[in-house]
Amino acid sequence: MTTVNRLGELERAIMDVLWDTDTSLTVREVSARLTERNLAHTTVMTVLDRLAKKGFARRERDGRAWRYCPAATRETYVTELMLTALDQTGDRTAALTRFAQSVTGVEAEVLRDALEVIEGSGEGDDGN
Amino acid sequence: MTGIEDAALLAVVAIGSALGASALPRASWPRRCPAAAILLWQALGLASGLAAVGTMIGLALPASQGGLVLSMLRAAGLLRDGELFGLARWFGLSQADGAPLVLVAVRLACLAAGLALLVSLCWVLLAASVAALQARRRQRALLTLLAHGDPKVPGALVVDHPSAAAYCLPGLRSRSRIVVSVGALELLGRGELAAVLAHERAHLRERHDLVLLPFTALRRAFPKSATCTGAQRAVALLVEMLADDRALRGGPARELVSALVRFGTAGTCPAPAGALAVAEGSEGEVAARVTRLLQPARPLPAVAVTAVCLAAALLVAAPVTLLIV
């Protein structure tokens with residue numbers, strides 16, 4: 001596994017821990033909740049620091065330690081991802097290409113008719 | 001050749017390209033050979049930009065100074081040597097040679113307009129590239145945290161969301177991603193999913209995003225221009241058709257068509273009120289792709305394809321020659 005993938009997996013595992021906990025956590029508490037137990041304290045700290053820098057995690061001082069919590073819920077991020085994907089943010093960047101846009105009205109009717117014709121002529125669909 | 005003659009020829013190229021770009025969306029042959037049509041679109045874009053800049057700079061230049069590029073190099077030499085007065089005289093921008101003040105002012109205005117156009121075109125392209133790269137980086141970061149694999153769609157990432165979405169994030173080989181939502185997995189059968197993946201892989205492999213980028217940049221820069229909007233929509237549709245054609249190599253058209261129809265009619269996620277208005281740009285595009293797949297037109301004959309490629313080459317060669325020679 002490449003370093004980048006490994007780092008990504010760690011970020012994801014640690015965000016999962018943060019999302020699944022209601023309170024903010026110290027590095028030690030995050031380590032304890034990870035399924036992969038033999039991680040170095042500094043590794044977890046580095047990844048949490050990265051997540052904070054990227055804006056995915058927020059941190060606050062608690063005595064001498066930092067406590068971390070997610071900056072937003074998992075659902076918020078999924079919604080952001082999907083809004084961009086469906087081009088409904090109103091921001092027409094050339095960032096990604098969608099398979100097909102949603103259609104409405106007459107065009108949708110025409111398409112539904114077309115699908116019925118194909119399904120009628122097809123020799124059995126595999127799946128669905 | 002004089003600056004004015006150059007400018008006149010370049011103006012003809014610029015106006016011709018612009019007229020061509022506003023007529024091309026209405027032509028029906030492009031969907032019979034999307035690749036050749038895309039090449040022609042690129043040539044039209046490049047030629048009109050170069051020629052428009054060249055026209056204005058050509059008007060600013062004095063007579064008999066060789067090509068525009070050579071003239072600009074000579075001007076840059078004078079500028080480097082600090083001979084600002086010499087530069088101004090050489091450009092005909094001073095009254096020392098008895099040039100009327102009006103002519104000097106017109107030349108100066110043309111030079112400024114030409115350079116401003118050149119800079120703004122480059123800027124628009126750069127800004128669009130940066131915006132796209134940033135949006136993709138954000139998407140990749142989010143996907144790292146949220147997406148997972150699924151045996152139903154090998155090589156793609158799955159996002160847990162009920163509405164149907166399938167898209168690709170272009171980039172260098174290791175950075176490109178194909179993303180499918182759980183809604184799409186539920187909506188489509190195995191064959192349909194394979195067709196969608198083949199379509200998206202074609203986008204990534206052939207870097208269709210790079211083809212589309214300059215047209216998207218122009219559309220964003222000139223949202224009121226019907227030509228820019230029409231060009232971007234036409235090229236976006238052609239790129240989809242090209243990817244559809246590639247997807248057909250791996251499976252029957254039926255799977256791709258039913259995937260398209262299911263996607264098109266599935267509706268979208270409950271977006272905030274008003275957000276759906278963005279879909280206005282898609283009118284007829286899915287239907288056009290479906291019609292094309294169901295009733296394939298005869299492919300464009302080789303002679304016609306050659307003619308289109310030749311026209312594209314000439315279109316770019318004309319302003320480049322005028323600018324250099």
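Read-outs throughout are calculated quantities, based only on the coordinates presented, and are distinct from any laboratory measurement. If you're wondering where the values come from, they're calculated on a predicted model, not measured in any experiment. Heads up, the Cβs are rebuilt from the backbone with ideal geometry, glycines too, and the neighbour counts pull from every protein chain shown.
Looking only at residues of the stretch B:110-128 that are surrounded by fewer than 16 Cβ atoms within 10 Å (Cβ to Cβ) and either charged (D, E, K, R) or touching a residue at least 24 places away in the same chain (Cβ under 8 Å) (or both), we find that the one that is nearest to A:Phe56 (Cα to Cα) is B:Ala127. Annotation: of all residues in the stretch B:202-212 being out of contact with any strand residue (DSSP E or B) (no Cβ under 7 Å at 6 or more places or on another chain) and buried (at least 19 other Cβ atoms within 10 Å of the Cβ), the one that is nearest to the other protein chains (Cβ to nearest Cβ) is B:Leu212.
For the stretch B:144-222, the strands (runs of 3 or more DSSP E) that sit wholly inside it and include 2 or more residues that are touching a residue at least 24 places away in the same chain (Cβ under 8 Å) and not β-branched (Val, Ile, Thr) are B:166-169. Restricting attention to the stretch B:121-172, the residues that are out of contact with any helix residue (DSSP H, G or I) (no Cβ under 7 Å at 6 or more places or on another chain), charged (D, E, K, R) and within 7 Å of chain A (Cβ to nearest Cβ) add up to 1.
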